[in-house]
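Beneath this line is the structure, given in structure tokens, with notes to follow.
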Amino acid sequence: MRRKPDLHIRFFNEFAVSSPYYEYAPSTHNSTQLTLLISYLVANQDTKVPKDVLMAMLWPDEKDKCPVGALRNLVYRARKELEHLYPDKDVDYIKFTQDAYFWNPDLYCKIDIIDFENYNNLARQESDPERQFRYYYRMHRLYTGEFLSNHTSIEWVQYRNTYYKNMYINCTLNMCEFLYTRYRYDELISQCDQSIIFYPDEDRFYRYKLLAYLGMNTIKTALEYYHSTLNFFSSKYGTDISGSLRDVHQEILLRMPSKELDINELETTLGKDNEMGQTFYCNFDIFKNIYQLHSRSSQRMSGRHYLMMLTLHPQKEKMPDTIKVKEIMESLYYMLSTHLRKNDVFTRTSLTQYSVLLTVTEEIGVDAVESRINDAFLELNGHSGLYLEIVKKEI
């Protein structure tokens with residue numbers, strides 16, 4: 001009879017150690033260090049971890065000090081907490097020998113990251129596509145979020161996080177290819193949607209979803225999804241992914257109905273802009289085309305069109321965290337949408353940059369526009385720890 005695991009341990013998303021009697025989860029505790037100590041020992045369960053390694057991991061800002069007492073106290077607290085897993089048994093979860101701590105190897109633990117890696121190895125060694133897909137499927141179900149998602153600022157967690165993220169993406173792409181080659185398009189779309197929730201910046205997931213729409217011959221849906229994907233990457237990440245999707249886009253256009261339109265149908269198809277009261281925002285590919293039109297126009301009439309670049313810089317040496325930068329960039333998007341004129345155009349060109357195409361008149365010059373943007377930025381984000389650099393150039 002197969003032995004039941006003594007403990008179930010979860011690393012993906014939020015860390016937890018559970019038994020039939022109790023679950024240790026960081027959401028019920030205030031100590032980040034307690035969670036990091038236990039998770040580090042479990043993640044390195046085949047290794048005796050020296051005290052100085054643990055101290056450097058737990059107290060990275062106190063390298064000149066030697067918090068031996070603090071470590072000893074933390075281990076004591078961890079042992080007391082873990083006693084709740086089997087309250088009627090005397091179990092030594094964290095052992096100590098030769099100046100090093102380690103997780104008790106006699107405990108039979110079912111650990112999600114171990115199963116995840118095992119399924120990955122089995123899938124890579126499997127030659128039968130159906131069996132390989134089943135291994136990838138089990139592997140995919142285990143991934144409920146990033147490795148220790150509440151502690152991604154910790155260095156060792158970042159390395160593990162990248163390792164498992166790449167493994168998950170590879171797993172997903174292999175599953176997508178299997179489903180695509182077997183014409184299982186509904187499942188493929190569902191697979192892509194699930195994976196996009198975790199990693200919305202992975203353009204290959206969108207590619208497979210587009211291929212699924214093509215496979216189902218829903219050409220209009222494919223074209224709409226293509227444009228919404230380009231707009232999403234441009235506005236969210238400041239990147240243009242049209243190059244990586246060019247072949248799919250060409251296939252979509254080739255399969256579009258060849259029905260001729262009259263001018264009224266064309267006007268309806270082009271549609272009206274629902275945001276006519278705001279400055280026009282577009283992805284970089286469209287922005288580039290508009291720039292080229294302005295450039296040709298400027299050859300006949302100079303001084304009317306300007307290219308402007310807006311870049312966020314830290315007021316001190318270090319950039320604020322990514323969440324803060326994201327908030328500022330969103331407020332900058334709103335500001336540009338409402339403080340420029342309707343015939344101006346802007347796009348996001350990097351994580352911290354927007355570019356603007358200005359059509360200026362004699363009444364309102366480019367310097368006045370720059371001043372208006374600066375004033376609005378200071379009003380909205382004056383205490384953000386960032387300043388806005390504006391560079392302009394006549395086209």
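The values are calculated or read from the model by the stated rules, or taken from the named source; none is laboratory data. Predicted model, so just to flag it, every value in this text is computed and none were measured. In this analysis, Cβ positions are derived from the backbone assuming ideal geometry, glycine residues included, and neighbour counts consider all displayed protein chains.
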* Is the stretch 284-304 home to any residue that is surrounded by fewer than 18 Cβ atoms within 10 Å (Cβ to Cβ), under 30 Å from S153 (Cα atoms) and not assigned by TED's automatic domain parsing to the domain that holds K236? -> no
* To do: Return yes or no: is E187 part of a helix (DSSP H, G or I), of a type in the set (D, E, K, R) and modelled with pLDDT under 95?
  => no
* **Count - residues of the stretch 119-162 that are among the aromatic types (F, W, Y) and in contact (Cβ under 8 Å) with a residue 60 or more places away in the chain** => 3
* Structure fact -> Only one of Y76, Y101 is outside any loop (DSSP other than H, G, I, E, B), loosely packed, with under 14 Cβ neighbours inside 10 Å, modelled with pLDDT of 95 or more and among the aromatic types (F, W, Y), namely Y76
* Asked: Taking the stretch 147-203, which residues are among the charged types (D, E, K, R) and over 19 Å from M216 (Cβ atoms)?
  -> E155, R160, K165, D201, E202, D203
* To do: All but one of (1) under 21 Å from N170 (Cβ atoms); (2) without any contact (Cβ under 8 Å) to a residue 24 or more places away in the chain hold for I189, so report the exception by its number.
  => (2)
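Yes or no, residue by residue, for (1) out of contact with any Lys or Arg (no Cβ under 7 Å at 6 or more places or on another chain); (2) in a helix (DSSP H, G or I):
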| site | (1), (2) |
| --- | --- |
| P320 | yes, no |
| Y333 | yes, yes |
| Y354 | no, no |
| L358 | yes, no |
| A368 | yes, yes |
| Y387 | yes, no |
| K392 | yes, no |
* Verdict on I111 being surrounded by 17 or more Cβ atoms within 10 Å (Cβ to Cβ), touching a Leu at 6+ places or on another chain (Cβ under 7 Å) and β-branched (V, I, T) -> no
* Taking the stretch 347-369 only, how many residues are more than 13 Å from T311 (Cα to Cα) and touching a residue at least 60 places away in the same chain (Cβ under 8 Å)? -> 4
* Could you give me the residue pairs with C-beta distances under 7 Å whose first residue belongs to the stretch 88-99 and is without any contact (Cβ under 8 Å) to a residue 40 or more places away in the chain, whose second residue is of a type in the set (S, T, N, Q) and part of a loop (DSSP other than H, G, I, E, B) wherever it lies, and which are 6+ apart or on separate chains? => D92/N104; Y93/N104; K95/N104
* Exactly one condition in (1) without any contact (Cβ under 8 Å) to a residue 24 or more places away in the chain; (2) in a loop (DSSP other than H, G, I, E, B); (3) crowded, with 16+ Cβ neighbours inside 10 Å is not met by E14; state its number. => (1)
* To do: Residue by residue through the stretch 322-340, note down the ones that are in contact (Cβ under 8 Å) with a residue 60 or more places away in the chain, under 13 Å from Y281 (Cα atoms) and either of a type in the set (A, V, I, L, M, F, W, C) or not assigned by TED's automatic domain parsing to the domain that holds V356 (or both).
  => L340
* Condition test on S195, is it within 14 Å of the chain's Cα centre (by Cα), part of a helix (DSSP H, G or I), under 25 Å from R124 (Cβ atoms) and at pLDDT 95 or above? -> yes
* To do: State which residue pairs qualify: first residue touching a residue at least 12 places away in the same chain (Cβ under 8 Å) and inside the stretch 212-236, second residue among the small types (G, A, S) in any location, beta carbons under 8 Å apart, and separation of 6 or more residues or different chains.
  => Y213/A222; L214/A222; L230/S242
* Scope the stretch 110-156; condition within 16 Å of the chain's Cα centre (by Cα) and either in a helix (DSSP H, G or I) or not polar (S, T, N, Q) (or both); matching residues -> Y143, G145, E146, F147, L148, S149, N150, H151
* Of everything in the stretch 231-264 that's in a helix (DSSP H, G or I) and among the β-branched types (V, I, T), which residue is modelled with the lowest pLDDT? -> I263
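Residue-wise test of (1) outside the structural domain of Y22 (by TED's automatic domain parsing); (2) modelled with pLDDT under 95; (3) loosely packed, with under 13 Cβ neighbours inside 10 Å; (4) touching a Leu at 6+ places or on another chain (Cβ under 6 Å).
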{"site": "V42", "(1), (2), (3), (4)": "no, no, no, no"}
{"site": "V49", "(1), (2), (3), (4)": "no, no, no, no"}
{"site": "M57", "(1), (2), (3), (4)": "no, yes, no, no"}
{"site": "A70", "(1), (2), (3), (4)": "no, yes, no, no"}
{"site": "Y135", "(1), (2), (3), (4)": "yes, no, no, yes"}
{"site": "R138", "(1), (2), (3), (4)": "yes, no, no, no"}
